[in-house]
Amino acid sequence: MTALLGGTFNPPHNGHVALARRAAAHFQDEVVVLVALRPGHKRVELDGEIRLELARAAFPDYEVERDPHERTVDMLAEGRWRDPLFLIGADEFSEFLSWKDPERVLTLARLGVATRPGYPRERLDAVLSELSRPERIEFFEIDPLAISSEDIRDRVANGESIEGLVPPAVAELIQSRGLYR
């Protein structure tokens, strides 16, 4: 089984790394990081190859690959992984019903949903109650980290420190390449 952590990683931060580590320990799985080159759900300013380089710097212990698909269901439909587990955060899961073909996503993969202490369980239960295969979803808890890629981009643009928010190798690439300025 393979756990898949997909995203734009614009930039990857310590919260992403913590989620991957916790999922690997909890599920006893290999984790593959998938960088969405052309995400259909959000606009990204940085080229996919630069974000791929940032992700490789953030996740040196994991396989990091390009994901050319705009939607998760299309990536999973390729069938590259046997019994994949797609990793998402609780905030993303609360929006899962708005994804392209969420029921097919659950046919093609199980979901590993990272929750944090204090996250409103009723938001998760509301989504579960609408799904035909809720048994395909497993929740696991992670420590809360108040970090967002948007905040990091804003900090860099304002000349503020991002120390402790991103892995040192990512901070070095951002600095040396003049990214997010």
Complete set of residues in region 55-67 that are loosely packed, with under 14 Cβ neighbours inside 10 Å and either of a type in the set (Ser, Thr, Tyr) or not in a strand (DSSP E or B) (or both): 60, 61
Taking first residues from region 46-58 that are in contact (Cβ under 8 Å) with a residue 40 or more places away in the chain and among the β-branched types (Val, Ile, Thr) and second residues anywhere that are surrounded by fewer than 20 Cβ atoms within 10 Å (Cβ to Cβ) and part of a loop (DSSP other than H, G, I, E, B), the pairs with Cβ under 8 Å that are 6 or more apart or on different chains are 50/179
Can you pull out the residues in region 130-168 that are surrounded by 12 or more Cβ atoms within 10 Å (Cβ to Cβ), under 19 Å from the mean Cα position of the chain (by Cα), of a type in the set (A, V, I, L, M, F, W, C) and closer than 17 Å to residue 17 by Cα? 140, 142, 145, 147, 152, 165, 166
Scan region 3-21 and report the pairs whose first residue is within 15 Å of residue 165 (Cα to Cα) and whose second residue is of a type in the set (Ser, Thr, Tyr) and surrounded by fewer than 24 Cβ atoms within 10 Å (Cβ to Cβ), with Cβ atoms within less than 8 Å and a gap of 6+ or a chain change. 9/149; 10/149; 11/149; 11/180; 12/149; 13/148; 13/149; 15/148
Residue pairs within 7 Å by beta carbon, gap of at least six or interchain, first lying in region 80-104 and assigned to a strand (DSSP E or B), second surrounded by 20 or more Cβ atoms within 10 Å (Cβ to Cβ) and polar (S, T, N, Q), listed first then second, are 86/72
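Each row is one residue, and each column tells you yes or no for (1) touching a strand residue (DSSP E or B) at 6+ places or on another chain (Cβ under 8 Å); (2) charged (D, E, K, R); (3) closer than 17 Å to residue 152 by Cα; (4) at pLDDT below 95.
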site: 3; (1), (2), (3), (4): yes, no, no, no
site: 11; (1), (2), (3), (4): yes, no, yes, no
site: 33; (1), (2), (3), (4): yes, no, no, no
site: 37; (1), (2), (3), (4): yes, no, no, yes
site: 46; (1), (2), (3), (4): no, no, yes, yes
site: 56; (1), (2), (3), (4): yes, yes, no, no
site: 64; (1), (2), (3), (4): yes, no, no, no
site: 78; (1), (2), (3), (4): no, yes, no, yes
Would you be able to say whether some residue in region 37-54 is of a type outside the set (S, T, N, Q), within 17 Å of residue 106 (Cβ to Cβ) and buried (at least 22 other Cβ atoms within 10 Å of the Cβ)? no
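The values are calculated or read from the model by the stated rules, or taken from the named source; none is laboratory data. From a predicted model like this one, the values you see are computed outputs, not experimental measurements. In this analysis, Cβ positions are derived from the backbone assuming ideal geometry, glycine residues included, and neighbour counts consider all displayed protein chains.
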